[in-house]
Structures are given as structure tokens and as C-alpha cells.
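Peer 1: First the structure, then my questions, so here it is.
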Amino acid sequence: MAIRRLPQLVVNQIAAGEVVDRPASVVKELMENAVDAGASRIDVAIERGGRDLIRVTDDGRGIPAGELELAVTAHATSKIGSTEDLNAIATLGFRGEALASVAAISRMTIVSRVRDSNEAGRLDIAGDDVGTLRPASGPPGTTVTIRDLFFNTPARRKFMRADATESARVTRAVEVLALAHPAIGFGLTIDGRAAVELPAGQGRRERILDVLGPELEPELLAFSAGEQGLTISGMAGRPGIARGTTRHQTILLNGRPISDRSITHAVKEAYRGLIDPGRHPTIVLFMEIEPRLVDVNVHPAKAEVRFRAPSLVHSAVLSAIRRRLREADLTPAFELQRATISTTGAPAEFVERFRMLDTAQKGFVYSEVKQALAAEAPEFLDLGGDDPSEILPTIKLVPEVLQVHSSYLVTTDEHGLLIVDQHALHERVMFEMLLEAVSKGPLESQRLLMPAMVEVDPTQVDLLDGLRPLLTRIGIEAEAAGPAAVAIHAFSTFLFERGVEPPEFLRDVLDRCARDGIETDPEAALHETLDMMACKAAIKAGDRLSEREIADLLARREQVERSSNCPHGRPTTLRLTIADLEKQFGRR
Ligand code: ADP
Ligand code: MG
């Protein structure tokens with residue numbers, strides 16, 4: 001075939017391939033036009049997942065009748081006019097492609113009336129048949145109706161999923177744009193049924209609660225931070241409402257919903273150690289940045305952007321959310337079902353009672369207590385950090401702590417009853433201490449008189465070189481000693497003291513690397529290894545604890561960061577609030 005210029009219809013259909021891949025993207029483009037037109041109310045209706053009908057109505061400024069035909073041609077826009085404008089886009093649209101693209105793959109009708117005209121104009125388009133402009137009646141604003149989407153592009157039609165799936169995507173598109181523009185009212189009707197109704201004039205908080213569900217209010221933490229030329233705000237979900245998908249993550253940049261891997265990463269990073277790595281935090285994140293500092297012209301559907309200073313944005317998002325999570329008391333409250341309350345009391349053998357320090361003995365001296373207890377309890381953990389006497393004032397001298405089943409500590413605070421998983425909490429405490437110690441230099445290590453030998457898989461010997469910098473940081477020195485053996489010459493003092501065997505630990509590290517690969521990000525690899533150390537060194541479920549150990553562990557709970565969850569994200573502590581107790585006992 002000789003080279004030729006493609007007919008305009010084909011050009012538009014190619015463009016449509018990038019911009020509109022399913023009903024939800026049509027709805028998104030039409031709603032964006034309504035937002036750009038200054039609408040205060042946007043109503044969307046779809047039928048059969050958008051296959052039969054998509055209609056978007058707004059009360060915005062409208063399209064002058066004389067410009068209707070131009071509006072549906074490719075590269076026609078009222079939003080930018082020069083290269084200069086392209087560098088600082090303040091509208092959602094700017095490519096002048098959406099109407100032309102959608103028109104090329106559907107039967108489209110536009111009825112629009114500008115505010116100071118007393119009649120509307122109407123245009124019907126099907127493929128390259130642009131009908132004639134006719135007068136019509138209607139209120140100020142624009143209604144775009146799409147029927148038979150993809151009627152002339154059967155390949156695309158085949159990719160449509162079940163109606164319910166397409167409807168769910170449309171719903172999500174409406175909700176996401178509604179989150180970005182709380183002042184605008186939004187309505188969505190699916191097959192004649194009202195699916196979304198959000199009143200105009202809402203604030204961000206109100207809109208978020210309306211979209212996510214008002215029952216989530218106690219689970220959401222508001223945050224805001226301002227950096228130079230960049231402000232960040234929104235609501236971050238407590239770890240307990242993290243989900244298996246990213247559906248509950250909304251990132252809004254200058255009123256535009258975007259997807260951005262670096263920001264998603266920053267969010268995830270802020271929750272590191274608070275949620276299971278396979279789950280995704282619930283969050284609505286608003287970012288306002290000077291338009292000149294971001295390029296939105298990098299993706300046909302404008303879903304991705306490019307920041308001038310991506311690492312600055314990443315760290316600003318990370319620190320804003322992390323700070324908020326640190327401020328919060330993240331201990332999850334749990335509600336008992338009535339049926340689970342036993343009236344007979346706990347079996348005596350499950351309950352070991354620990355009478356701790358005498359309540360009368362208020363201003364005691366740490367060194368005396370320590371001496372008195374030294375005989376029965378080994379030094380709990382001393383990484384050379386804070387002098388424990390400094391943290392004593394924050395120890396609440398709870399007169400009684402129960403160790404239940406040698407696994408759980410039951411105690412109280414001002415909010416109610418706390419149940420602590422001793423292993424999970426100890427693991428978190430160890431992890432935070434190791435993290436702090438390693439930030440100051442390599443961990444203390446001890447030379448072995450005789451190298452400890454580990455038999456490993458030959459391929460694992462090759463991993464050693466890559467691992468060396470990491471091992472050095474945690475105080476381990478190991479060399480290959482044959483095709484399938486590694487010799488450990490020095491080992492972490494901390495692990496020694498916690499009774500962890502050098503060969504067992506190194507083999508675990510090598511196994512983990514062989515299985516999951518070495519994390520390319522050295523910080524992430526370090527975190528993972530410290531986590532392994534903390535897990536191995538921590539007291540286990542089933543370990544009986546001395547009074548000293550219990551006191552120390554509970555004191556550390558108030559000391560360390562993120563003590564509400566273990567490094568894997570499981571909770572360390574559950575709280576049964578006084579309010580819930582009162583409810584359960586029928587006192588209210
Ligand atoms: P873009 O939004 O990139 O400018 P579109 O093809 O989506 O391109 O729309 C073309 C033009 O039609 C817009 O620039 C705008 O002037 C006009 N337009 C489209 N939809 C509306 C609407 N709902 N209200 C007012 N004007 C609209
Ligand atoms: Mg547009």
C-alpha cells in the first residue's frame with residue numbers, strides 16, 4: 001500500500017483508542033469538560049454498563065451554537081492557545097480530542113445552551129456523519145448523550161466486561177472526580193436507579209465521608225502539610241481499614257485524579273510496619289502544586305503526570321502522612337460480640353497473676369529495683385541506647401498485669417483494657433531499637449574463636465558478595481568456604497545475647513534472598529533483615545516472663561514508634577474501651 005494520509009474518521013478512532021477504552025473513560029472525559037465549564041452540578045446516567053447509553057448533563061457555561069461543530073472536531077479546544085499555555089495547564093482538558101474521539105466511535109448528541117442565550121443548539125453525530133445544527137430547547141448548560149458505544153469498532157466492543165463491572169468502573173470514576181471537587185454536586189443513575197448522590201457545596205471532609213461512608217469517620221486521620229509550592233492534605237485511614245486493592249486510594253493533583261507510582265510508593269512507605277505489605281492503605285490525598293512544576297501532557301488520558309522534582313514530592317508526601325500516623329494512637333479498639341462473653345470467668349490455669357511493683361512504692365530508684373530483680377531476670381535488652389532510668393517516669397505503675405497463656409499481657413490504660421501480644425510487641429520494640437542503633441553505625445559484633453560453618457546451596461554462596469554490605473551493617477562477617485559452605489567469622493552481639501544461633505540465622509537470610517531476591521533498595525533490604533533479627537530475638541508466645549521483663553516491655557510500648565503494630569503490620573495491642581465494656585454490661 002502506498003503511503004497516504006488517513007481519513008479523519010480513522011485518525012479520530014485511533015485517538016479514541018488511547019483516550020476512551022471503556023464507558024468509564026467516556027464518562028470521565030465528559031465530566032471533566034463539565035468541571036472545566038464551571039458546572040455546579042453534574043448528572044451522569046448510564047444503561048447496561050454504558051453500552052446502550054451514557055448521558056452527562058451539566059449546568060456549566062455551555063457551548064455557543066456557532067462553535068458546536070468545531071467542538072467535535074479533532075484538536076479543537078477553548079482551553080489553551082499556545083505553547084506557553086501548555087506549560088501551565090489549569091484546566092482538566094487541553095488536548096481538544098475527547099469529543100472528537102468519542103463521536104468517532106459512537107452515536108453522539110450534544111445539546112448546549114450558553115447562559116445568556118434563550119435557546120439551545122443541538123448536534124447529532126454518528127461516525128463521520130456530522131448532522132446539521134438545529135435549535136433545541138433546554139436549560140443553560142450542556143447535555144452529551146452517547147448511544148451505541150463502539151458500534152463501529154467491534155474489536156473494542158469485545159473488550160467490554162460484564163455490565164456490572166463497567167458500571168462499577170463508572171461509579172468509581174464519578175466518585176473520584178467528586179472527591180476532587182467537593183463544591184460540585186454529582187449524581188449517578190445506573191439503569192434508572194440512583195447510585196450516587198452528592199450535594200453541591202460540600203467541604204473536603206464532608207465529601208470524603210459521603211463517598212467513603214460516614215461509618216469510617218473514626219478510622220480516618222486528617223493531615224495537612226505545606227512545603228514550598230506544594231501543599232498536601234487529606235485523610236489517611238488507620239491501619240485496620242487497609243484493603244487488598246488500591247481502590248480505596250485516591251490521589252488528586254490540582255483537582256485531577258492521577259495515578260502515580262512514586263506517590264503510591266510514598267504512601268505505602270509511610271505505613272511501613274503498620275500494615276501487611278500485601279495490603280494498601282485507605283487514603284484520600286490532595287496535592288496542590290504550581291502548574292509550572294508539573295507536566296500533565298505525558299499521558300493521552302491525562303492519568304499520569306511528571307513532576308519537575310519527583311523526589312521532593314515523594315518525600316513531602318511520605319513525611320506528611322508518616323508524621324500524622326506517628327501522632328495518632330493506632331491501637332485498634334475491638335468490640336466484643338455479646339455471645340463471646342463467657343459468664344463463668346477465665347479458667348484458672350489460663351491466668352497467671354503477676355503482682356508487679358507495690359503500688360505504695362512510688363518514687364523508687366531504678367538501680368535498686370534493677371538490682372533486686374537482677375537475680376531473677378537477665379538484662380532485657382541493652383543496645384547502649386537510652387538509660388532505662390530516663391524512661392521510667394513514663395512507666396505506668398499498673399498494679400496488676402496478667403500474663404495469660406504465657407502469651408498475652410492484659411493491662412489497662414486511661415481508655416480501657418489493653419491486651420498485648422508479647423511476641424508482636426517485643427518484635428516491634430527490638431526492631432525500632434535496631435533501626436536506631438544501625439543509623440549510628442554498624443551493629444556491634446563479636447569475633448568467633450572458631451568460624452561457624454553453614455552448609456548452603458551452591459547458588460547461595462554466590463549471593464554472599466551482594467549481601468556483604470548489608471551483613472557488615474548488622475555485625476556479621478561471612479566468607480565462602482567451599483562450593484557449598486559459608487564460614488561465619490563474626491556475628492552480631494545482639495543476636496548472640498538473644499540466643500540466636502549464627503548458622504541458623506545466616507541460613508535464613510540466604511534462604512530469604514534466594515527465594516525473594518535481594519531487595520534492590522538497600523534501605524528496604526536493611527529493614528527486612530532487621531525485621532528478621534527482631535523476630536528471631538523476640539520473646540515468643542509461650543515464654544513465661546519475669547516481672548521485670550513485663551514492666552520493661554510495657555514501658556517500651558510507650559517509648560517506641562509505631563508500637564501499635566509489629567513490623568509485619570499485625571497489631572501488637574488490642575483495646576477494649578470503657579465505653580464498650582459499659583455497653584456490653586448493659587450499663588448504658
Ligand atoms: P478539551 O476538553 O481538551 O478542550 P474536548 O474535546 O473535551 O477537548 O472539548 C472540546 C471543547 O468543547 C472544549 O474545549 C470546550 O470549549 C467545549 N466543551 C466540551 N464540553 C463542554 C461542556 N460540557 N460545557 C462547555 N463546553 C464544553
Ligand atoms: Mg475535554
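Peer 1: Output the helices (runs of 4 or more DSSP H) that fall wholly within the range 481-588 and possess 2 or more residues being under 30 Å from Gly416 (Cα atoms) and within 34 Å of the chain's Cα centre (by Cα), or say none.
Peer 2: Fully inside the range 481-588 and qualifying: 522-537, 547-559, 578-584.
Peer 1: Same structure again: Residues to consider are Glu47, Glu97, Glu67; find the one that is within 12 Å of ligand 1 (Cβ to nearest atom), within 30 Å of Lys158 (Cα to Cα) and among the acidic types (Asp, Glu).
Peer 2: It is Glu97.
Peer 1: Which one of the conditions (1) without any contact (Cβ under 8 Å) to a residue 24 or more places away in the chain; (2) closer than 24 Å to Asp276 by Cβ; (3) not hydrophobic (A, V, I, L, M, F, W, C) does Glu219 fail to meet, given that it meets all the rest?
Peer 2: Failed condition: (1).
Peer 1: Here are the criteria: (1) within 11 Å of ligand 1 (Cβ to nearest atom); (2) under 24 Å from Pro257 (Cβ atoms). Tell me which single one Ser25 does not satisfy.
Peer 2: Of (1) within 11 Å of ligand 1 (Cβ to nearest atom); (2) under 24 Å from Pro257 (Cβ atoms), only one is false for Ser25: (1).
Peer 1: Another question, then. If we keep just the residues of the range 258-299 that are in a loop (DSSP other than H, G, I, E, B) and among the charged types (D, E, K, R), which is nearest to the chain's Cα centre (by Cα)?
Peer 2: Arg279
Peer 1: Quick one: how many residues across the range 201-215 are in contact with a strand residue (DSSP E or B) (Cβ under 8 Å, 6 or more places away or on another chain) and part of a loop (DSSP other than H, G, I, E, B)?
Peer 2: Selection size over the range 201-215: 1.
Peer 1: When you scan the range 27-53, how many residues do you find that are assigned to a strand (DSSP E or B) and buried (at least 24 other Cβ atoms within 10 Å of the Cβ)?
Peer 2: 3
Peer 1: I want to confirm something. Restricting to the range 35-52 and keeping residues that are in contact with a Leu (Cβ under 9 Å, 6 or more places away or on another chain) and among the aliphatic types (A, V, I, L, M), which single residue is nearest to ligand 2 (Cβ to nearest atom)?
Peer 2: The selected residue is Val35.
Peer 1: For Val114, are the conditions met, namely being surrounded by 22 or more Cβ atoms within 10 Å (Cβ to Cβ) and within 9 Å of ligand 1 (Cβ to nearest atom)?
Peer 2: Taking the combined requirement at face value, the residue does not satisfy it.
Peer 1: Does Ile63 qualify as being more than 13 Å from Val144 (Cα to Cα) and either within 15 Å of ligand 2 (Cβ to nearest atom) or buried (at least 23 other Cβ atoms within 10 Å of the Cβ) (or both)?
Peer 2: The answer is no for Ile63.
Peer 1: Here's something else I'd like to know. Can you find even one residue in the range 126-147 that is away from ligand 2 (no atom under 16 Å from the Cβ) and crowded, with 19+ Cβ neighbours inside 10 Å?
Peer 2: no
Every read-out reported here was derived from the displayed coordinates using simple, explicitly stated rules and does not represent laboratory data. Just so it is clear, the structure is predicted and the values come from calculations on it, not from any experiment. Positions of Cβ are backbone-derived with ideal geometry, glycine not excepted, and every protein chain shown enters the neighbour counts.
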